[in-house]
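Here's the structure we're looking at; comments come further down.
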Amino acid sequence: MAPVEPSASGKLSKPSGGEALQGLSIVATPIGNAGDITLRALKTLAAVETVLCEDTRITSKILAIHGIPASLVPYHDHNAAKTRPRLIERLKSGETMALVSDAGTPLVSDPGYKLVAECIDAGVPVTALPGASAVMAALMLAGLPTDSFLFHGFLPPRSAARRRALEALKAVPASLIFLESAKRLPASLADMAVVLGPRPAAVTRELTKFYEEARRGTLRELAEHYLEAGPPKGEVTLVIGPPGPEAEPSPEEIDTRLRDALETHSVREAAAAVSAATGLPRRQLYSRALELKPGKS
């Protein structure tokens, strides 16, 4: 689809909202407990002409529970690029549609955002019907800071790539939220403990279901538990606390850093380098470097 040039004031997205039914409705569905669906969602799913879903078998079950007949059209990673242009044309002609995922809130780890973006470009009204979300449910249960958080989705399946991804997130001053397969959980927690250190974390699984569980501890404690107990059952969402303040280096560590720097730098340069690395005053480090300078008795 050709890009649309925004006006000087930018694009205005006017959602259908309220009781009006126009264009595309983004509808959250339950993540486990079938009762976790809003009255507005049920009314919208019953009223739209087409329901777009990842797996028609899964969506048909939740609709059947609530007695809603619907015309279901698959929309997922494998057919999205091919299907989107036809869907946009149907929406532009006035057809009403709802977008759902297999569970929870659409657009979170699924291709829905591209459909929404193209609807906006095409002037198709879009509205959101909020509801169940594994990300938000896990954050609510974790007991970790909620004022700032980053949802990352799934990490790479291989350890080396996973550690690189974690290194890139290490300094983010926020709680981190990940999805993970139960099978990879022990190895992922072990990598997190190595890269992120002794942060508090929570492993939540089977959210809203009968066997819902939230296990809390440091990353190392959780890694040791699942390495011994084995992978848990069910779907897992991980929440990890933000980085804490870095401890000031000990006098021994400072001396080691200065001695290393003095092997290849002048006293002034060594003090500057260690100051930049630790945040300690350069004058203080210069005085200590003079004392440690090779040949100084």
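Here are a few things to note about the model shown:
- Output for the range 214-238, where each listed residue is surrounded by 17 or more Cβ atoms within 10 Å (Cβ to Cβ) and outside any strand (DSSP E or B): LEU219, ARG220, LEU222, ALA223, TYR226, PRO232, GLU235
- Residues that are over 23 Å from LEU166 (Cα atoms) and either hydroxyl-bearing (Ser, Thr, Tyr) or at pLDDT 90 or above (or both) do not occur anywhere in the range 214-223.
- Any hit, the range 144-167, residues being within 15 Å of ALA201 (Cβ to Cβ), free of Cβ contacts under 8 Å to residues at least 40 places away in the same chain and part of a helix (DSSP H, G or I): yes
- Of the candidates GLY279, GLY230, GLY234, the single residue that is in contact with a Phe, Trp or Tyr (Cβ under 9 Å, 6 or more places away or on another chain) and either in the same structural domain as ILE31 (by TED's automatic domain parsing) or at positive phi (or both) is GLY234.
- Residue count, the range 239-295 (criterion: part of a loop (DSSP other than H, G, I, E, B), over 42 Å from the mean Cα position of the chain (by Cα) and surrounded by 10 or more Cβ atoms within 10 Å (Cβ to Cβ)): 3
- Test: residue in the range 69-77 that is at pLDDT 95 or above and of a type in the set (Asp, Glu): no
- Restricting SER133, SER181, SER175, SER148 to those that are under 30 Å from LEU39 (Cβ atoms) and not hydrophobic (A, V, I, L, M, F, W, C) reduces the list to SER133.
- The residues of the range 43-58 that are closer than 23 Å to GLY94 by Cβ and of a type in the set (Val, Ile, Thr), listed by number, are THR44, VAL48, THR50, VAL51.
- The listed residues are ALA202, ALA193, and the only one of them that is more than 18 Å from MET140 (Cα to Cα), touching a helix residue (DSSP H, G or I) at 6+ places or on another chain (Cβ under 9 Å) and crowded, with 18+ Cβ neighbours inside 10 Å turns out to be ALA193.
- Selection status of TYR226, within 30 Å of ALA103 (Cβ to Cβ) and of a type in the set (Phe, Trp, Tyr): yes
This table checks each residue for (1) more than 23 Å from GLU235 (Cα to Cα); (2) out of contact with any helix residue (DSSP H, G or I) (no Cβ under 9 Å at 6 or more places or on another chain); (3) in contact (Cβ under 8 Å) with a residue 40 or more places away in the chain.
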site	(1), (2), (3)
ALA28	no, no, yes
ILE31	no, no, yes
SER60	no, yes, no
TYR75	no, no, yes
ILE88	yes, no, yes
LEU91	yes, no, yes
MET97	yes, no, yes
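- Residue satisfying condition, being among the β-branched types (Val, Ile, Thr) and surrounded by fewer than 21 Cβ atoms within 10 Å (Cβ to Cβ), within set ILE88, ILE177: ILE88
The values are calculated or read from the model by the stated rules, or taken from the named source; none is laboratory data. Quantities reported herein were computed from a predicted structural model and do not represent experimental measurements. Here the Cβ is made from the backbone with ideal geometry for all residues, glycine too, and neighbour counts use every protein chain on show.
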